[in-house]
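The values are calculated or read from the model by the stated rules, or taken from the named source; none is laboratory data. Quantities reported herein were computed from a predicted structural model and do not represent experimental measurements. As a convention, Cβ positions derive from the backbone with ideal geometry for all residues, glycine included, and neighbour counts pool all protein chains shown. These accessible areas exclude ligands, DNA and RNA; they are computed on the full protein's heavy atoms, side chains included. Shrake-Rupley method; radii C 1.70, N 1.55, O 1.52, S 1.80 Å.
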Amino acid sequence: MKRRVFSGARPTGRQHLGNYLGAIQNYVALQDEYECIYCVVDVHALTSLENTGELQKNIHEMVLDWLAAGLDPGKSIIFAQSHVPEVMELHTLLSMVTPLSWLLRVPTFKEKVKLQPHNVNYGLVGYPVLMTADIILYKAEVVPVGEDQVPHLELAREIVRRFHYLFGDTFPEPEAKLTSFPLILRPDGKEKMSKQLGNDIELALSPQETIDRVMTAVTDPARQYRSDPGHPEICNVYSLHHFFNPLRLDEIARQCRSAEIGCVDCKMLLATAINTTLQPFREQRAKLATKPKYITDVLADGALRARVIARETIKEVKQKMGLL
Ligand code: SF4
């Protein structure tokens, strides 16, 4: 029996290089070793979304990117969170066993309050409970996370232990599978790539658009002239060469430090490598994009399969809580 993995991602629309290097590649790799459940957490998105007009489009584009990158609905369950209403039921039941103090101390809650003081909704406080419900509804044993998400998973484990203390053993305590989510900087070198920040490199860009984006990237700020020696260790472009030109890293670093190579040439090298790497993805994406119904079918089938597991869990939980 393969161990079960669960991972959820917010519907952020077209995926960018940060998503690809930090999550999607890993999702694809896990499929052979684990029974994988990948969920588009559209209900979570409502905690910060005030305009949901783009939500369906974003889900569609994101899943299209996942499938084009190699997620295989024949191997993994791929679905949207809201299509399995049992998760809302489990969220409510878990909220009865989760002390409020645990939730109020979560650092991301405090950060969100600062980010959206005009919209401090209950969902922001209850987010870790819904996240726990996402994972344990499917009795997932393994959750791929980056270092920064370990505290969230620890809270999920605490909620599970509290449920077990009150109602008896029911769920596996989900384990973190640490993934090295690389820090991909924006082309301006300042912050992590993210859809919200806009200035990103989407996987689905055309080769020329990719070149144009890479050409706008900020490099070593101390290298003002072509003849100035560069410092690759602080250069955003060089950080991406780690992934797209791993065999030429030493050579690029040497050429940069000795000013043998200019930043324009170096960026072109990177953009070319990105385009070569993404070519199969783009071809597959173009094919899938002609079949929008296929994405809908994948999500519908995923929800059906997820609900089979979810219904069993809810029945067991209700029995243990004295509701049946
Ligand atoms: S040559 Fe390349 S690594 Fe060096 S500063 Fe320019 S872009 Fe960065």
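Quick look at the values:
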item: Enumeration of residues in the stretch 101-125 that are touching an Asp or Glu at 6+ places or on another chain (Cβ under 8 Å) and either closer than 16 Å to H44 by Cα or outside any helix (DSSP H, G or I) (or both); result: N119
item: Hey, L71 assigned to a loop (DSSP other than H, G, I, E, B) and open to solvent by less than 10 Å² (accessible area, probe 1.4 Å) or not; result: yes
item: Residues within the stretch 157-178 that are open to solvent by 30 Å² or more (accessible area, probe 1.4 Å) and either acidic (D, E) or on the phi > 0 side of the Ramachandran plot (or both), tallied; result: 4
item: Number of the exception - G18 against (1) touching a helix residue (DSSP H, G or I) at 6+ places or on another chain (Cβ under 6 Å); (2) of a type outside the set (A, V, I, L, M); (3) surrounded by 20 or more Cβ atoms within 10 Å (Cβ to Cβ); result: (1)
item: The one condition in (1) under 20 Å from R4 (Cβ atoms); (2) at pLDDT below 95; (3) not aliphatic (A, V, I, L, M) that E50 fails to fulfil; result: (1)
item: Conditions (1) over 15 Å from I135 (Cα atoms); (2) surrounded by 20 or more Cβ atoms within 10 Å (Cβ to Cβ); number of the one not met by A29; result: (2)
item: The listed residue being within 18 Å of the chain's Cα centre (by Cα) and open to solvent by 20 Å² or more (accessible area, probe 1.4 Å), out of Q56, Q81; result: Q56
item: Scan of the stretch 129-156 for residues that are out of contact with any strand residue (DSSP E or B) (no Cβ under 7 Å at 6 or more places or on another chain), crowded, with 18+ Cβ neighbours inside 10 Å and at pLDDT below 95, ordered by number; result: H152
item: Residue among Y165, Y138 that is in a helix (DSSP H, G or I) and more than 30 Å from A217 (Cβ to Cβ); result: Y165
item: Some residue of the stretch 10-25 being out of contact with any Ser or Thr (no Cβ under 7 Å at 6 or more places or on another chain), part of a strand (DSSP E or B) and within 22 Å of P151 (Cα to Cα); result: no
item: Any hit, the stretch 304-321, residues being within 16 Å of the ligand (Cβ to nearest atom) and either in contact with a helix residue (DSSP H, G or I) (Cβ under 7 Å, 6 or more places away or on another chain) or of a type in the set (G, A, S) (or both); result: no
